[in-house]
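Here the structure comes first, spelled out in structure tokens, and everything after it is commentary.
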Amino acid sequence: MDFDGIYTDPTDEGEACSQYFSDKILSLGLKEINLETREKVESWFGELRARQAAQPFLYGWRSEGRVSAFTFEDPFIRNIGLADYLDHLVGKGDAKCKLLLKHLSKSEKILTFGELSEWSFHQLTLKKKIDSGAKNWVEQAMRDGHEVFIVSNSAKEKIEEFLNQNGFDHALRPKVYGGAKKFGLGKKPNQVVFADNEEDGQLKVDTDRPFYEQALLEIKPDAVIGDVFCLDLSLPIRLKREGKLAFKGGIFFRHRDYTPSKMVDLITGRGTKVPEVTLIREWSQIKLQ
Ligand SMILES: [Mg+2]
């Protein structure tokens, strides 16, 4: 199981990150590029996000210079993806973005928008919001004799703290594999085309994720559950196709309010090439044998 977005609803955390990001820009008071009020910063970002939405698979969370997860896949990656787009615009010589970055580096020693988004993430102090359905489901699965692992990019201590604070009993507690670097790509893209149709286009994802692959081959799970298709599910699907892991219990894509509808259409729609995936909106939809 993934952690953020599975055990929690990260919407508020993502919004808080985006607030830190814009507050830092706002604090520079840049009247000359029209960014001196909250309304102006927000409306500029709104415009950029709309432009990104027209090309949802071009920007996102990068690793080895390549996109590892797409911009709108979850509330955290939404911020990382906006920063990626801003850095792209700087590279293209966009005057407003360049000037903004110049001020950021001068007064804050922040050299890229990616760094600003990372800084914003580290400012987070919000308590994580539990998905109580997840807790009930996990406890029942363990009572039924299943072994449950959390494999997450988040630090192990953070997850353990969450489990303590939310009353996960020691006898019914998943094992935690933190810092899993599922976003970490290897040297060869090993791209898989997961969907292809005329109306919605092509969904192509890098699946060379050596850190995550190591975790999966070690744990050998019968089922996998994630909320971010690229990070959590693309590699398990490839491993299943290659016969390296059977995933007899299933590969589950947890649908949340933030799940991009385009992704859902691509995965469940007519052009899908991913019959292995089950989209779930409720925990009761996952039944293990
Ligand atoms: Mg997640």
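The values are calculated or read from the model by the stated rules, or taken from the named source; none is laboratory data. Computed from a predicted structure; not experimentally measured. Here the Cβ is made from the backbone with ideal geometry for all residues, glycine too, and neighbour counts use every protein chain on show. Ligands, DNA and RNA are excluded from the accessible area calculation, which covers all protein heavy atoms including side chains. Shrake-Rupley method; radii C 1.70, N 1.55, O 1.52, S 1.80 Å.
By the Cα gyration tensor, the chain has an equivalent ellipsoid whose semi-axes, rounded to whole angstrom, run 34, 23, 16 from largest to smallest. Averaging Cα coordinates gives a centre for the range 241-255 and one for the range 16-35; these two points are 43 Å apart. Selection among L288, P174, F194 by position relative to the dipole of the chain gives F194 as farthest towards the positive end (Cβ unit charges, Cα centre). Projecting label points 7 angstrom from Cα along Cα→Cβ for A171 and K248 puts them 2.7 nm apart. The three principal axes of the Cα atoms in the range 11-122 give end-to-end lengths of 34, 31, 26 Å, sorted in falling order.
Largest to smallest in accessible area, the residues R173, R143 fall in the order R143, R173 (1.4 Å probe, all protein chains included).
In this Cβ point-charge picture (+1 for Lys and Arg, -1 for Asp and Glu), the chain has a dipole of about 580 debye about its Cα centre.
At the residue level, H103 shows approximately 60 square angstrom of accessible surface with a 1.4 angstrom probe and all protein chains present.
Counting pairs of Cα atoms in the range 132-285, how many percent are more than 28 Å apart? It works out to 21 percent of all Cα pairs. Within the listed set A54, A246, A134, the residue fluctuating most in the Gaussian network model of the chain (springs between alpha-carbon atoms under 10 angstrom) is A54. Projecting the Cα atoms of L266, L101, V151 onto the dipole axis of the chain, where Lys and Arg carry +1 and Asp and Glu carry -1 at the beta carbon, places L101 farthest toward the positive end. Applying a DSSP loop filter and a limit of 12 other Cβ atoms within 10 Å to the trypsin sites (Lys or Arg not before Pro) in the range 198-289 leaves K248, R270, R281, K287. A full extension of the chain between R256 and V193 corresponds to an added length of 20.4 nm, given 0.36 nm per residue minus the alpha carbon distance.
Across the chain, the longest piece that holds none of the GluC sites (Glu not before Pro) lying in DSSP loops with up to 12 other C-beta atoms within 10 Å covers 1-146. For the chain, DSSP calls about 55 percent of its internal beta bridges antiparallel. Its Kirkwood hydrodynamic radius, worked out from the mean inverse distance over all distinct Cα pairs, puts the range 192-247 at 12.0 Å.
Using C-alpha pairs under 8 Å with a sequence gap of at least 6, the mean separation divided by the residue count of the range 132-285 gives a relative contact order of 19 percent.
Here the dipole of the range 132-285 is about 360 debye; that uses its Cα centre as origin and unit charges on the Cβ of Lys and Arg (positive) and Asp and Glu (negative). Separation of the alpha carbons by more than 18 angstrom is noted, of K129/K175; K24/K109; K187/K220, for K129/K175; K187/K220.
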